[in-house]
Each structure stands twice: as structure tokens, then as C-alpha cells.
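Comments concern the structure below.
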Amino acid sequence: MKSNQRQNLSGWLMTWLTALLLVATSLSSFADDTPNATTAKSAVLRGRASWYGREHQGHRTSNGSRFDRNKYTCAHKTLPFGTRLRVTNPANGKAVVVEVTDRGPYRHQRILDLAEVAARPLDIVRLGAVGVVAEVVPNDTPLGPVDGVVTVPEPESTDIAVTDATPEPPATYVVQAGTFGELRNAEALMAQIKALDAQLPVAVRQDNVNGRPLNRVIVGQRMPRAVADDLWQRLQNRGINGLVRQAENL
């Protein structure tokens, strides 16, 4: 009788262990099907990218760090902070590796905003926004420009493409005639410009960078590049130095 009980107990234990093994195997298979670092590294994003620079210098980013336009960082709406991307402009074959530290962009369905230093090789600073291909790369990939001409991968069904049904408006420009820490100096330059042409739109834009006030004298209102260049030349001829800036990045 006791022998039969031991056999029944042994059989029950074997059945129980077999069931546990089947559950563990099932869970392991489920985990293998779950997206992980390996599958994430194959992600390819396609869309337009813009940039941000001096006007955001020192501002707090979404991950808590301070924005530095001279570091290879970017903003993306959803990718985890710390994700590294190789961003390529197919038009010139140039690429840079950047790290996601911020959230955005939130207009015109752009996929990325790059820090100024990262945007320059891709010709984004000059054009305002360009079409790019962004590939997730391992987190130990060095940040910065990629040597040589990069060939972008052919589109696949797994690529994420962001498009906009409405055309993106053309870039517009203004002239930044001067930048001052003291508001009264900015107002003095504004008065000087108004004395030259009372019809010319002039305003002082006040910002705060790294806890310090910044007062920019902005001349004109959202002009085509050729018109802004002509205005800049006219001011230069009157002894007022400045530079042409894209209005969308002010």
C-alpha cells in the first residue's frame, strides 16, 4: 500500500515538474517575440528634420539636461532618452550620430530636431529642414560626424515613414541687427533704425539664456531670403552690422 502511495506521489511530482517546464518554455518563447534592443536597432525612420540652436542654449531639455547647441543631440517624440541615431541626408550622403535627449518636434510632422552642430553637416541649418533617414544604432556608437559618404538603406516594409499631406511652408527670414545684454542698448539701436526708415518693422525680442537677459533687435517680418539679404545689405551700408536669420528658429 505504501509502495503504491509513493509511486502515486512520484507520478504527481513528475507531472507537476513537467507542467512547470512547459510554462517556463512558453514564457521564454514569448520573451523572444517581444521587441528588444536587437529588434530596436533595426528601426529606420524616414521624414523631415529641422534644427534648434542659440535661442535654446542652456534651456532645460525633456530629460533634465541643459541644451547645448554644440553637442550631438536631438529631439524625438517617443524614442527612449539615450537612444542613438545615425541621421543621413541622402541628398549629400553626409551623416551624423546623435543622442535623443529631448522631445519634439511638434509641427509639420517632422521626425527630428537636431542640435545646431549636428544639423550643419546635413545642410539643415542653411535650408531649414531636409528629408533624412534615421537609423537606430548601438548605444556605444561614437557621437559626431560619420566619415565618408553614407549609403542609406533601401526602404523596407518595417521602415517608419512620416509624411505630411499639406506642403511645408517655405522658410522665411528676418535680419537680426544686434544682440545686447542691456535692454536700453537694444532700444537705442531700434530707435536708430527707425530714424533711417520709419516704415521698417523693428522690434526687440527678449530672451533669457543661462539666467542672463538677451535682447535681440529684429528687423523685418518673415521675408523671403532674397528680400532679407537685400535689407541686410542696406543696413550694412548704413553702418549697422547684423545677420540674416531664419524666422522659424527665433
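Structure summary
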read-out: Counted residues, the stretch 226-250 - those being part of a helix (DSSP H, G or I) and either at pLDDT below 85 or assigned by TED's automatic domain parsing to the domain that holds S50 (or both); value: 3
read-out: Output for the stretch 97-139, where each listed residue is within 21 Å of T151 (Cα to Cα) and charged (D, E, K, R); value: E99, R120, D123, E135
read-out: Residue match in the stretch 196-205 (condition: farther than 22 Å from R46 by Cβ, surrounded by 15 or more Cβ atoms within 10 Å (Cβ to Cβ), touching an Asp or Glu at 6+ places or on another chain (Cβ under 8 Å) and modelled with pLDDT of 85 or more); value: yes
read-out: Residue that is farthest from V100 (Cα to Cα), among those in the stretch 126-148 that are buried (at least 18 other Cβ atoms within 10 Å of the Cβ) and at pLDDT below 90; value: G128
read-out: Residue in the stretch 189-210 that is of a type in the set (K, R) and touching a residue at least 12 places away in the same chain (Cβ under 8 Å) present; value: yes
read-out: Within the stretch 44-95, considering residues that are among the polar types (S, T, N, Q) and more than 14 Å from A118 (Cα to Cα), the one farthest from the chain's Cα centre (by Cα); value: N92
read-out: Within the stretch 81-133, strands (runs of 3 or more DSSP E) holding 3 or more residues that are over 22 Å from Y173 (Cβ atoms); value: 84-89, 94-102
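The values are calculated or read from the model by the stated rules, or taken from the named source; none is laboratory data. What you are looking at is a predicted structure, and each value in this text was computed from that prediction instead of being measured. So basically every Cβ, Gly included, is an ideal-geometry build from the backbone, and we count neighbours across all protein chains shown.
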